[in-house]
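Q: A single structure is presented below for examination.
The values are calculated or read from the model by the stated rules, or taken from the named source; none is laboratory data. No experiment lies behind these values; they were computed from the predicted model shown. Backbone-built Cβ (ideal geometry, glycine too); neighbour counts: all protein chains shown.
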Amino acid sequence: METLLDKTRRLAVSATSPKLIVTATADGQGNIRVRFADNGVAGHSEEALAAEITAAVRGAFNGYRKGLTSIMGSDPMAAENPRLRPDGPAAKRRREFVEAAGEVSAQSTSPGRVVQMRWRGIDQIEFRLRPGSVSRLDPVEERLATEVNAVIVSTLAERLKAAEQKFAELNPTSKER
């Protein structure tokens, strides 16, 4: 029988940007990855590309959150397991952690200093591309995806660290549990 953990690990949600330039995928391993359509970057400004990246990543992240909520709510074992019950102590701690995460922000820059990502609150995600930087990348779609994926990993790590610190401040005894 497939466990709740198996279901969450298997969950993957993809979203495509409005102009179909960028596809982002959020998965049950905690990753968000982007890829660009072949020749999709050509003719677009850094500002337009940043908006496309932002839309795709937000869509994938929000879709993943909805999928996770659906899995948790539809699993018959969740109601029987005290650790998963919505009124149980573990659920209360998860809600407190999510609330703490909603109060933090994280920002980082890609290794090549091409992409900057800022993540505030639960889902306020924003990307910026340094003006004039995209035209210097070759092959552009592959290199830009590498820069974007690197900044996502870095920002997620910063965000998790900040959320854990905030959670610890709000729950000083949480490490004793």
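Q: Of the residues that sit in region 13-43 and are over 18 Å from residue 146 (Cβ atoms) and in contact with a Ser or Thr (Cβ under 6 Å, 6 or more places away or on another chain), which one is modelled with the lowest pLDDT?
A: 28
Q: Let me ask another. Can you find, within region 9-64, the residue that is nearest to residue 157 (Cα to Cα) among those that are among the aliphatic types (A, V, I, L, M) and in a loop (DSSP other than H, G, I, E, B)?
A: 11
Q: Which count do you get for residues in region 129-176 that are of a type in the set (Ser, Thr, Tyr), within 28 Å of residue 41 (Cα to Cα) and out of contact with any strand residue (DSSP E or B) (no Cβ under 9 Å at 6 or more places or on another chain)?
A: Of the residues in region 129-176, 2 are of a type in the set (Ser, Thr, Tyr), within 28 Å of residue 41 (Cα to Cα) and out of contact with any strand residue (DSSP E or B) (no Cβ under 9 Å at 6 or more places or on another chain).
Q: Is there any pair linking a residue in region 131-160 that is of a type outside the set (A, V, I, L, M) to one that is surrounded by 17 or more Cβ atoms within 10 Å (Cβ to Cβ) and assigned to a helix (DSSP H, G or I), with Cβ under 7 Å and at least six apart or on different chains, and which?
A: Hits for this filter: 131/46; 133/46.
Q: I'd like to verify a number: residues in region 11-36 that are surrounded by fewer than 21 Cβ atoms within 10 Å (Cβ to Cβ) and in contact with a Phe, Trp or Tyr (Cβ under 6 Å, 6 or more places away or on another chain), how many?
A: Of the residues in that region, 1 qualify.
Q: I've got another one for you. Go through region 107-138 and give me each residue that's among the basic types (Lys, Arg), in a strand (DSSP E or B) and farther than 24 Å from residue 166 by Cβ.
A: 128
Q: Just give me the residues in region 109-126 being crowded, with 17+ Cβ neighbours inside 10 Å, under 14 Å from the mean Cα position of the chain (by Cα) and not β-branched (Val, Ile, Thr), in sequence order.
A: Residues satisfying the conditions are 117, 119.
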